[in-house]
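Visitor: Shown below is the structure under consideration.
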There are 4 protein chains.
Amino acid sequence: MKALVYHGPGKKAWEEKPKPIIKEATDAVVKIIKTTICGTDLHIMKGDLPAVTDGRIIGHEGVGIIEEAGSAVTNFKKGDHVIISCITSCGKCEYCKKGMYSHCEKGGWILGNLIDGTQAEYVLIPYADNSLYPIPAGADEEALVMLSDILPTGFECGVLNGKVSPGDTIAIIGSGPIGIAALLTSQFYSPAVIIVIDQDDNRLNIAKTFGATHIINSAKENALEKVMSITNNKGVDTAIEAVGLVETFELCETLVAAGGHLANIGVHGKSVTLHMETLWSRNITITTRLVDTVTTPMLYKNVQSGKLDPKKLITHHFKLDEIVKAYDAFGNAAKEKALKVILTA
Amino acid sequence: MKALVYHGPGKKAWEEKPKPIIKEATDAVVKIIKTTICGTDLHIMKGDLPAVTDGRIIGHEGVGIIEEAGSAVTNFKKGDHVIISCITSCGKCEYCKKGMYSHCEKGGWILGNLIDGTQAEYVLIPYADNSLYPIPAGADEEALVMLSDILPTGFECGVLNGKVSPGDTIAIIGSGPIGIAALLTSQFYSPAVIIVIDQDDNRLNIAKTFGATHIINSAKENALEKVMSITNNKGVDTAIEAVGLVETFELCETLVAAGGHLANIGVHGKSVTLHMETLWSRNITITTRLVDTVTTPMLYKNVQSGKLDPKKLITHHFKLDEIVKAYDAFGNAAKEKALKVILTA
Amino acid sequence: MKALVYHGPGKKAWEEKPKPIIKEATDAVVKIIKTTICGTDLHIMKGDLPAVTDGRIIGHEGVGIIEEAGSAVTNFKKGDHVIISCITSCGKCEYCKKGMYSHCEKGGWILGNLIDGTQAEYVLIPYADNSLYPIPAGADEEALVMLSDILPTGFECGVLNGKVSPGDTIAIIGSGPIGIAALLTSQFYSPAVIIVIDQDDNRLNIAKTFGATHIINSAKENALEKVMSITNNKGVDTAIEAVGLVETFELCETLVAAGGHLANIGVHGKSVTLHMETLWSRNITITTRLVDTVTTPMLYKNVQSGKLDPKKLITHHFKLDEIVKAYDAFGNAAKEKALKVILTA
Amino acid sequence: MKALVYHGPGKKAWEEKPKPIIKEATDAVVKIIKTTICGTDLHIMKGDLPAVTDGRIIGHEGVGIIEEAGSAVTNFKKGDHVIISCITSCGKCEYCKKGMYSHCEKGGWILGNLIDGTQAEYVLIPYADNSLYPIPAGADEEALVMLSDILPTGFECGVLNGKVSPGDTIAIIGSGPIGIAALLTSQFYSPAVIIVIDQDDNRLNIAKTFGATHIINSAKENALEKVMSITNNKGVDTAIEAVGLVETFELCETLVAAGGHLANIGVHGKSVTLHMETLWSRNITITTRLVDTVTTPMLYKNVQSGKLDPKKLITHHFKLDEIVKAYDAFGNAAKEKALKVILTA
């Protein structure tokens, strides 16, 4: 089969690899129908994640068809359509039992990282019963690719951890795909005021059409002053960090109201300064989270009911074998006005 | 001043009464701008609430202007516009401190019940700082009358107690004003499926336009069968009882899924049969609640942001001195296609 | 092997049965070390549970050693010591994923009910990875038999559902094994006042030594009056029903304070009268639950730390092949002053 | 009257001051029976809190008798015995209504800070109905002085925010009065393992007698290594920071397990480094809080029931007019083996 293979920093190729085969009774092999590229994949390609080694097939998102199911797989059979979760869950360790699949003792985020991933014609999924989600044939599979990672990530790490509630005033820092995922799913809880902060006017305008009540271009305006003016100097009930930089995290520290929440989604490469000399008495809560994908079934229900339209996130389409070109587009997201790209097998 | 006075079962009059005056430093006198009639007022008029005695001014909802504030009132001054809460809260008893204003040791639901109420030109509000909510002059006061009772009741007793969550399947039994209030506010939490059950096609059609995804006329169809067919025989995550009859409560018992919630809003005059022989192992939660109106500030924020449009509930308008006529219309709600009536001073 | 077999109402025998063998890759066969008898087993013997058919091996509690593990079992291997959960969990259905193992699509309470149980020399456990809990060799196995059912039942259905909190006033109705389990585990949350109500002085005295601050013999005293006197006429924050009769449930309805919880543990055979005419405005929560055994690992930690001493519950010891005699003792619990009996293989 | 007055960094005097008088109808004047000294008072004396100005009477803890109550005070009358809360709550602002008294718009921590405090013969308490708690005459008033600040602070900021739960493994960093308060109140939730870390063997030994299951002297041992050895390299479910230094906060960051809580109690004067490069994917929660004293009534119930013995914290006694000597003892806590000192009027 063909797959996108990482060959060290800056090197990747769409090349021939052996088709995966069932090794454990709980495995399934899935034929990819549609997949996408994540910001994390760009980091891998730069060499930022040393655990990813030469020869690894990249990718941790996608929708596919069961090609073969191991003998202990009972939820799926050959021909079933499935969403592939970016998180692998064994379903029987201490962490999985408490719904913290991200830290599964045998799984977690391994796909396209420690084991071969989904940017390929076929992928092996361990613990298939707990790591795949059933969808009917005929479902809108492009939309559902957004349920592999980006929507549960924005929702669980940003919205749920941030305890977004009806009537709240929230700020989302970062209007890239993950910030937009938080923006879309925050509206499940009807906050009254949603402020989106970014440095790219195009992305801010998209945020506006997706439900932001206020947008701030922090390259042109003083974001802190503007947020304080919107909130009568109280700050926001919830600040969602969807970038992963020191500056954006520290901006969140200043935006959050007494009693508020700072929910981090961004992947950070460096330490930040936590201003405990002011925050110690502010009754705030700061959370971090690698997505658990426990909410995928719920998100699926709200896609089915029309409360959530994940296709809003999709800006570009390619054939799967054009994936190198797709990486170029996605890697120049600002210029290409790209949010998510869909690759169709 | 003029006021609507209860004179025993079946007897009421719009008549002259003394204008109220400040008795305690924490009191305020409010000039009524707009008020409304509640289903409970109809019960009072029938004599169903023996605590309400001859000579009582009825009514527990309204928007007004501070006419005079006691010396210990600090949140309000003469001329301020306010929402009157149906629940009086002293702010300093054990119950008020835990947000259970309904059981305030000195307040609770006393307005138009144990003390004179709002269907009058002026009303005395005890513990004004904790029992009134500020609104800007120029606000949409008709809409805000709905925040005195009906919207917090539907939201707190039905939606919050019922733990309505994104993706849920819920049923609301009763499509009168209180059921509609639950319907509108349940959507703060983005349930995927909202089934409304009633015996009046007009009210069901209104429910449909207000967000119901399914409607069932239980006079014409088997509600249990239809709900089971919609839910793949699982039942609903939350059943909200918004009628107050034995039959509707017991219907809820059969509709609720394993692990689900039965949230009662209805005022009940009789015992019901609780089928513990089946429910004991179904992991369900049943809640009762007299509204606390703790969510009034939040509801106000969502009215301001446009997430909630309470005016949808208003079907009829009268002048305050036409209140006897308004009672006739509201008392024949089905025939008059009435939800809420507004009385303007 | 030998096993206790049900042969229709009133008939049981300790007789020869085939030793179970692995059928599915996720099964394990466990050699019983210690088991016990549950109140539910007495109901089965009377014929109260028609789903239990002639020939069934009874019992759903015990500690044992893995005799053989199916090929897909990864948490256990031959020779490992384990607690057997009364609830079988597949770990991969919708209910198991949300921690509601009691309603597992393929499991739930099936052991000694729909499949052969633990009152035998060997037992087959389906979905062994999710239905057994590891214990070290050398652990106090008598104590740990109490973690199969009775302690998680008292804790989950009574204490957790009843939201027992520090400083609370609680009442436990029923001082049998399950009431005592609730009494012991309620103390994890440091309630200030614990009232135990029963009609057997011996059991009440045991309750007193296990942490009850007040005991009431409802055969001799007016339980309602006494509780109101203890609680300044407020009632209790949490009433735990640990009997399963109409009278005891309805007593709980009268004992619970405004804002309080009524947590049912009892297995009910009949409907009860729910006094909605008074309860509708009392802001109470009523819960039902079949135990999920999700707290078994936590309970095990508190046994290990000495915070919980389950051996307090054990009053009688027998050899496994004396089980018919043990049933006689347990069946005359009041006379025999029996709480839990231990059967040792 | 006599009072302890701050006269700038390093300067204090027990001197004559005017007896306070009622200014607002909601005020009360309280005659001090017993008071104590807080670590914060030592900071004030050093000049670390510039908001405290020359002439201020210090102190924010104590038990007393109502000397005079303003006309709008209804919960108390002359002669009533009361606990004085360190936090003043108006009971009617947005923050008080949600139980966040620490940020009360007119109160919060003002006593002995922005207004005169309790280290005096009399003190004026604004909003007396919401800022004092009733106790019976004859109560153990020394014990109850601990409910003014230290016990609610340890409990709310450390135990509640840290979500300590039955079976948990927790670490408390700092074995001074506030760490000990967290240690005592953490046991309301029955954690299985309680590790206390400090650099003073005397305080660690006290922690051991108060319920610590493990103690670590971090001046002599590698605290991180030792905690990892106790926890099988998982870290702790909850790390409670009860010191307020950069080093102790950053130690907590390393101790907390994936999915765990870091609850800060310490008053910090400097920023800390937050290692987001590792923490971003660890699913942790960090909380800060100025005590709200919302749990004072609950703590009082557990003192009454004997679940909590606050007198354990008291090591030294002085007469109120010996307060300068008491400051010397408390200021040399390690040498004097002091936890809390009691000053009796």
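Visitor: Can you give me the Rg/Rh ratio for the range C:1-131, using Cα atoms for both radii and the Kirkwood formula for Rh?
Guide: Details: Rg = 14.2 Å, Rh = 14.7 Å.
On the Cα set of the range C:1-131, Rg over Rh gives 0.96.
Visitor: D:Ala13 label points, 7 Å along Cα→Cβ, one per copy: pairwise distances from this copy to the rest in nm, shortest first?
Guide: Nearest to farthest, the other copies are at 7.5, 8.8, 10.0 nm.
Visitor: How many partner chain Cβ atoms sit within 10 Å of a residue's Cβ in peptide D:265-274, on average, as a whole number?
Guide: Working: counts 1, 2, 4, 8, 3, 3, 10, 9, 4, 13.
Mean inter-chain Cβ contacts per residue within 10 Å come to 6.
Visitor: Could I ask something else about it? Express in Å², to the nearest 10, the accessible area of B:Arg56 obtained by rolling a 1.4 Å probe over the protein heavy atoms while all chains stay in place.
Guide: B:Arg56 has an accessible surface of roughly 40 Å² with all protein chains in place.
Visitor: Taking 41 Å as R0, compute the FRET efficiency from the Cβ-Cβ separation of B:Glu94 and C:Ser71 and round it to 0.05.
Guide: Numbers: r = 60 Å, r/R0 = 1.46.
It comes out at approximately 0.10.
Visitor: Could you check which residue among C:Ile230, C:Ile314, C:Ile240 shows the biggest mean-square fluctuation in a GNM of chain C with a 10 Å Cα cutoff?
Guide: Residue with maximal mean-square fluctuation among C:Ile230, C:Ile314, C:Ile240: C:Ile230.
Visitor: Across the residues of D:282-294, average count of Cβ atoms on other protein chains within 10 Å?
Guide: Values: counts 5, 13, 5, 7, 9, 5, 12, 7, 5, 2, 2, 0, 2.
For peptide D:282-294, the averaged partner shielding equals 6.
Visitor: Could I ask something else about it? In Å and whole numbers, how far do the C-alpha atoms of chain D stretch along each principal axis, longest first?
Guide: Computed over the Cα atoms, the extents are 60, 41, 38 Å.
Visitor: Can you tell me the FRET efficiency between A:Met228 and C:Lys23 if r is taken as the Cβ-Cβ distance and R0 is 56 Å, rounded to the nearest 0.05?
Guide: Given R0 = 56 Å and the Cβ-Cβ separation, E is 0.25.
Visitor: Per the Kirkwood formula on distinct C-alpha pairs, the Rh of the protein assembly as shown is how many angstrom?
Guide: On the way: mean 1/r = 0.0297 Å⁻¹.
This gives a value of 33.7 Å.
Visitor: Report the residue, chosen from D:Gly79, D:Gly138, D:Gly269, that carries the largest GNM mean-square fluctuation when chain D is represented by alpha-carbon nodes joined by springs under 10 Å.
Guide: Of D:Gly79, D:Gly138, D:Gly269, the most mobile in the Gaussian network model is D:Gly138.
Visitor: Total accessible area buried between chains B and C, 1.4 Å probe, in Å² to the nearest 100?
Guide: Answer for the B-C pair: about 3000 Å² buried.
Visitor: Now for a different question. Step through the table entries D:Lys34/D:Lys340; D:Lys312/D:Lys340; D:Lys34/D:Lys319; A:Lys12/A:Lys337; B:Lys98/D:Lys97; C:Lys34/C:Lys325, compare each Cα-Cα distance with 18 Å, and write down the pairs that go over it. All intermediate terms of the calculation are to be shown ahead of the outcome.
Guide: Values: D:Lys34/D:Lys340 12 Å; D:Lys312/D:Lys340 9 Å; D:Lys34/D:Lys319 9 Å; A:Lys12/A:Lys337 23 Å; B:Lys98/D:Lys97 9 Å; C:Lys34/C:Lys325 16 Å.
The answer is A:Lys12/A:Lys337.
Visitor: Then there is this: Measure off, as a whole percent, the carbon and sulfur share of the 1.4 Å-probe accessible area of the protein assembly as shown, all protein chains present.
Guide: Numbers: 24840 of 47940 Å².
Here it works out to 52 percent.
Visitor: For the range D:143-213, compute Rh as the Kirkwood radius over C-alpha pairs and then the Stokes-Einstein diffusion coefficient at 4 °C and 1.567 mPa s; write the answer in µm²/s, rounded to an integer. Show your work: numbers first, answer last.
Guide: Values: Rh = 11.9 Å.
Rounded, D is 109 µm²/s.
Visitor: For the range D:73-97, which residues drop by 20 square angstrom or more in accessible area between the chain on its own and all protein chains together (1.4 Å probe)?
Guide: At a threshold of 20 Å² (probe 1.4 Å), the residues of the range D:73-97 that become less exposed are D:Thr74, D:Asn75, D:Gly91, D:Lys92, D:Glu94, D:Tyr95, D:Lys97.
Visitor: Turning to a different aspect of this structure: Once ligands and nucleic acids are excluded and a 1.4 Å probe is used, how much of A:Ile22 is accessible, expressed in Å² to the nearest 10?
Guide: The accessible area of A:Ile22 comes to roughly 40 Å².
Visitor: Sum up the lysine pairs in the range C:152-287 that clear both bars: alpha-carbon distance under 18 Å and a spacing of 8 or more or different chains.
Guide: 4
Visitor: Place the label 7 angstrom along Cα→C-beta at A:Gly306 and in each other copy, then list the distances from the first to the rest in nm, shortest first.
Guide: 2.1, 6.4, 6.5
Visitor: Do me a favour and compute the ellipsoid semi-axes for the range A:32-85 from its Cα gyration tensor, root of five times each eigenvalue, largest one first, whole Å. Don't jump to the answer; show the numbers that get you there.
Guide: Numbers: eigenvalues 158, 34, 13 Å².
Taking √(5λ) for each Cα gyration eigenvalue gives 28, 13, 8 Å.
Visitor: Turning to a different aspect of this structure: What does the charge add up to near A:Lys19, with Lys and Arg as +1, Asp and Glu as -1, over the other residues with Cβ less than 14 Å from its Cβ?
Guide: So the environment of A:Lys19 carries a net charge of -3.
Visitor: Run the helix sum for chain D: -39,500 (n - 2.57) per DSSP H stretch of 4+ residues, divided by residue count, reported at 222 nm to the nearest 500 deg cm²/dmol.
Guide: Details: 13 runs with 88 residues, N = 345.
About -6500 deg cm²/dmol.
Visitor: Related question: Where nothing but the Cβ of Lys and Arg (+1) and of Asp and Glu (-1) is charged, how large is the charge dipole of the range B:152-287 around its Cα centre, in debye to the nearest 20?
Guide: Details: 8 positive and 13 negative charges, 39 e Å.
Dipole magnitude for the range B:152-287 comes out near 180 debye.
Visitor: Now, a different point. Name the residues of the range C:295-313, by number, that are at least 20 Å² less accessible with every protein chain in place than in the isolated chain; the surface is that of heavy atoms, probe 1.4 Å, without ligands or nucleic acids.
Guide: C:Met298, C:Lys301, C:Asn302, C:Ser305, C:Lys307
Visitor: Taking each label point as 7 Å beyond Cα in the direction of the beta carbon, state the distances from D:Gly39 to the same residue in the other copies, shortest first, in nm.
Guide: 3.8, 4.8, 5.6
Visitor: Rounded to a whole number, what is D in µm²/s for the range C:102-252 from Stokes-Einstein with the Kirkwood radius over alpha-carbon pairs (37 °C, 0.692 mPa s)? Can you show the working numbers first?
Guide: Working: Rh = 17.0 Å.
Using the Kirkwood radius from Cα pairs, D works out to 193 µm²/s.
Visitor: With respect to the symmetry axis carrying chain D onto chain C, which residue of chain D exhibits the smallest Cβ distance to that axis, and what is the value in whole Å?
Guide: D:Tyr189, 3
Visitor: For chain D, with every protein chain kept in place, what is the accessible area per residue (1.4 Å probe, Å²)? Intermediate results must be reported in sequence, preceding the final value.
Guide: Details: 11980 Å² over 345 residues.
Ligands and nucleic acids excluded, the figure is 35 Å² per residue.
Visitor: Using the Kirkwood radius over Cα pairs, work out the Stokes-Einstein diffusion coefficient for the range D:188-292 at 10 °C and 1.306 mPa s, in µm²/s as a whole number.
Guide: Details: Rh = 14.4 Å.
Using the Kirkwood radius from Cα pairs, D works out to 110 µm²/s.
Visitor: With the contact rule set at Cα under 8 Å and sequence spacing of 6 or more, what percent relative contact order holds for chain A?
Guide: Details: 826 pairs, mean separation 58.0, N = 345.
17 percent.
Visitor: Follow-up. Are there any residues in the range D:151-183 with a reduction of at least 20 Å² in accessible surface when going from the isolated chain to the assembly of protein chains? Probe 1.4 Å, please list them by number.
Guide: The answer is D:Pro166, D:Gly167 - residues whose exposure falls by at least 20 Å² when every protein chain is included.
Visitor: Pop out the ³J(HN,Hα) list for the range C:196-204 in order, Karplus 6.51 cos²θ - 1.76 cosθ + 1.60 with θ = phi - 60°, rounded to Hz; leave Gly and Pro as x.
Guide: Values per residue, Gly and Pro as x: 10, 10, 7, 10, 10, 4, 4, 5, 5 Hz.
The values are calculated or read from the model by the stated rules, or taken from the named source; none is laboratory data. Since the model is a prediction, treat every value here as computed from it, not as a measurement. All Cβ positions, even for glycine, are placed from backbone atoms using ideal geometry, and neighbour counts span all protein chains on display. These area figures cover heavy atoms from the full protein model, side chains too; ligands, DNA and RNA do not enter into them. Shrake-Rupley method; radii C 1.70, N 1.55, O 1.52, S 1.80 Å.
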